[in-house]
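Here is the structure we will look at, set down as structure tokens.
Quick note: the coordinates plus some simple rules give every number you see, no bench work behind them. All of these numbers come straight from a predicted model, not from anything done at the bench. We place every Cβ from the backbone using ideal geometry, glycine too, and count neighbours over all the protein chains shown.
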């Protein structure tokens with residue numbers, strides 16, 4: 001079920017009413033309702049893959065309980081690795097099987113050996129990368145004794161399948177989300193209204209900005225051969241805003257929806273395009289994934305507190321794995337590697353934590369220096385997104401080569417129904433976000449007449465793209 | 001909770017009022033500003049805009065018949081109402097409105113495999129949704145909406161159609177319309193030439209036509225008889241056509257089959273569409289067949 005669909009607009013109020021008016025007396029029935037509604041939400045897309053979520057839930061639940069009973073370190077390790085192998089096994093099979101197979105065949109044929117093996121026609125279950133990482137965080141935290149394993153199967157199932165963030169995050173830690181299923185939630189009008197405003201803001205980003213930018217980005221990237229330098233730069237910039245608004249829009253809707261049910265999810269984006277360097281960008285972009293990799297991969301590898309060559313190795317590992325997490329394609333690996341290269345100088349010079357405050361704090365406009373740093377970071381990010389968006393490495397390189405054949409000509413795009421309104425829209429987004437950058441999201445505060453919210457709803461109605469109903473990009477990851 | 005529900009109720013009422021106002025505004029602008037699609041253009045036509053003839057169909061009319069060329073040769077005024085992707089249903093909507101507005105007495109309809117399309121509701125139906133509250137148009141929509149209430153929802157829910165089909169009927173098109181940016185095709189009287197050439201001249205084209213009479217065509221024929229309109233059917237050229245149009249020949253009045261009349265691949269963009277050379281060639285054939293050889297009844301011409 002898509003957040004930007006009529007189905008969800010009907011589904012959400014029904015679950016809300018059942019949750020607060022029918023099951024509100026009993027915590028267990030509220031949790032059970034969350035599990036059932038989450039399974040309906042997910043099954044709406046393809047019910048067959050519910051079995052994967054259920055299996056993952058049962059295995060991690062049992063492993064968690066056994067980990068708490070087990071004192072032998074060897075047996076605890078075996079349990080941990082069982083969970084890791086099962087979860088990553090599902091992920092590996094559904095997401096990476098064909099990629100590895102194709103690359104093995106290519107590699108062997110390069111050395112003159114032909115291998116006859118056919119790719120499988122595998123459908124990638126929506127959100128598998130997200131809920132796999134979420135359940136893994138539970139087992140690892142229980143193993144590290146940071147978290148008491150739950151004995152409440154319903155609460156654990158609700159934690160794994162919680163519908164607002166099931167298919168595209170934020171990837172919640174068990175330490176944050178699971179305890180919220182143990183305590184009775186009480187309805188808070190203020191928090192619920194903030195939730196509504198966050199949903200509205202997320203929808204605005206998705207249907208007004210992301211889906212409009214998508215029209216341009218798709219056309220330019222799909223037929224880049226016929227366009228010249230400036231148009232290709234516009235295409236890359238459009239994709240830059242498309243992916244941000246698409247993904248952060250989803251996160252806002254997820255967090256806002258959770259608020260309606262009395263849950264607090266972690267922040268996933270923090271105005272990343274106002275970053276002054278790449279390190280700051282990565283503290284502000286897809287925070288739940290970056291911190292996941294930091295805590296469960298980077299730090300266990302030694303983080304930055306090891307010899308220099310190991311720091312370099314660790315940085316490359318975390319960025320390349322992060323890239324590969326997004327998809328089984330060399331383009332994502334190139335994107336990760338490029339970001340590692342961007343990040344490394346500041347890391348080695350101990351300058352990666354230079355910009356921890358909010359840009360232009362207590363000011364309306366940034367200084368020239370801040371503007372310069374922001375623009376520089378933005379250009380680097382845009383450049384890296386070309387690899388992320390391109391079909392394959394060859395296309396990405398060809399696209400970049402064409403950009404460097406400088407030309408100021410902007411061709412008329414072959415988009416029948418759209419024209420230059422994209423630029424005012426992007427500018428509108430930047431202005432709203434700039435003045436809202438001190439808050440969790442720009443619509444956090446509103447007056448008692450909800451004037452700003454109504455204005456944004458007006459924009460959604462008038463400028464939203466509902467005809468070319470697009471899936472959220474991150475569903476594929 | 002009560003306060004929250006009250007807030008949600010107020011927001012919902014505001015959204016509903018906003019939707020009603022936006023719906024009225026959009027519809028008004030579509031009716032009164034520069035036409036941005038063929039249905040808008042048709043709905044803005046008045047009796048004074050009368051034509052000697054009008055041609056209807058899909059892209060196989062749009063790209064194949066050059067009205068300006070005919071006007072140069074015959075001085076007869078016409079318009080190419082071809083809409084890409086049109087099925088017989090959309091052709092019927094156009095024809096009904098043209099007849100209602102007394103625009104012409106001579107109607108030419110391109111027909112081929114679209115004979116088989118009894119139910120439509122595809123992409124080009126969307127352009128007609130603006131006018132869904134017109135009784136005669138709504139009657140037609142009901143005929144293709146037996147199994148679901150999709151169009152009922154579009155009619156009854158304010159602004160839904162403009163929201164759902166924003167890229168075709170919504171804000172962007174409205175701004176274009178208000179700023180007077182007319183469709184390019186109006187100057188060329190509906191004709192849009194293609195400039196490519198057929199890549200694979202081995203490809204053939206075939207189709208099998210149903211025996212059942214297309215109900216929308218039946219309606220068109222009845223309406224034309226009732227209104228005393230000269231109605232002609234034809235099939236545009238098809239490269240390497242292997243099928244046959246016997247069903248059309250046996251069923252339709254004044255039918256002429258041009259499907260195999262241009263055999264050379266150099267005149268085609270693809271199997272079913274002519275390029276600019278082909279459209280020039282075919283327009284002359286069309287003109288000689290219909291507009292030079294016949295005397296049209298021009299009763300509505302001022």
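Across peptide B:2-8, the mean count of Cβ atoms from other chains lying within 10 Å of each residue's own Cβ comes to 5. The length gained by stretching the chain between residue A:115 and residue A:148 to full extension, at 0.36 nm per residue less their Cα-Cα distance, is 7.0 nm.
The order of the peptides A:385-393, B:35-43 by mean Cβ neighbours within 10 Å, most packed first, is B:35-43, A:385-393.
Of all DSSP bridge pairs formed entirely within chain B, close to 10 percent run antiparallel.
Any chance you could give the angle, 0 to 90 degrees and rounded to 10, that helix B:88-100 forms with the longest Cα principal axis of chain B? That works out to roughly 90 degrees.
Which residues does a label at residue B:284 reach in region B:68-98, if reach means a backbone N under 15 Å from a point 7 Å past the Cα toward the Cβ? B:69-74, by backbone N distance to the label point. Take each residue of peptide A:459-466, count the partner chain Cβ atoms within 10 Å of its Cβ, and average: the result is 6.
Where does each of A:193, B:176 land when they are ranked from fewest to most other beta-carbon atoms within 10 angstrom?
On the way: A:193 20, B:176 17.
Sorted ascending by nearby Cβ count, the order is B:176, A:193.
Per-peptide packing, taken as the mean over residues of other Cβ atoms within 10 Å, places B:275-284, A:179-188 in the sequence B:275-284, A:179-188 from highest down.
The calculated pair-distance distribution of region A:6-186 uses every alpha carbon pair, bins of 10 angstrom beginning at 0, and gives 9, 32, 30, 18, 9, 3, 1 percent.
For chain A, take the alpha-carbon Rg, divide it by the Kirkwood Rh, and send me Rg/Rh.
Values: Rg = 23.0 Å, Rh = 23.9 Å.
Radius of gyration relative to Kirkwood radius: 0.96.
Using Cα springs under 10 Å in a Gaussian network model of chain B, which residue among B:166, B:85, B:57 shows the largest mean-square fluctuation? Highest fluctuation of the listed residues: B:166. Here the simple spin-label model places points 7 Å from the Cα toward Cβ, and for residue A:223 and residue B:254 these points are separated by 3.8 nm.
So what is the calculated 222 nm ellipticity per residue for the protein assembly as shown, using -39500 (n - 2.57) for each DSSP H run with n of 4 or more, over all residues, to the nearest 500 deg cm²/dmol? All intermediate terms of the calculation are to be shown ahead of the outcome.
Numbers: 32 runs with 409 residues, N = 779.
So the helix-based figure for the protein assembly as shown works out to -16500 deg cm²/dmol.
With the simple spin-label model, which puts each label point 7 Å out from Cα in the Cβ direction, the residue A:348 to residue A:305 separation comes to 2.3 nm. Among B:72, B:142, B:97, the largest mean-square fluctuation in a Gaussian network model of chain B, built with springs joining Cα atoms closer than 10 Å, belongs to B:72. Remark: mean inter-chain Cβ contacts per residue of B:166-175 equal 5, using a 10 Å Cβ-Cβ cutoff to other protein chain atoms.
Once the piece of chain linking residue A:40 and residue A:103 is laid out straight, how much longer is it, given 0.36 nm per residue of separation minus the C-alpha distance between them? Don't jump to the answer; show the numbers that get you there.
Working: separation 63, 0.36 × 63 = 22.68 nm, distance 3.70 nm.
Full-extension gain reported as 19.0 nm.
For chain B, the longest principal axis of the alpha carbon atoms and the long axis of helix B:215-226 meet at an angle near 80°. Each peptide in B:64-71, A:234-241, A:314-321, A:360-367 receives the mean, over its residues, of other Cβ atoms within 10 Å, and ordering these scores from highest gives A:234-241, B:64-71, A:314-321, A:360-367. Looking only at B:11, B:178, B:209, which one moves most when chain B is put into a Gaussian network model with springs between Cα atoms under 10 Å? Of B:11, B:178, B:209, the most mobile in the Gaussian network model is B:11. Modelled spin labels at residue B:210 and residue A:397, positioned 7 Å past Cα toward Cβ, are 5.4 nm from each other.
Among DSSP bridges having both ends in the protein assembly as shown, what percentage is antiparallel? Round to the nearest 5. Could the numbers behind the result be given before it?
Values: 2 of 17 bridges.
In the protein assembly as shown, DSSP labels about 10 percent of beta bridges as antiparallel.
Once the Cα atoms are used to define both axes, helix B:2-32 deviates from the longest principal axis of chain B by about 30 degrees.
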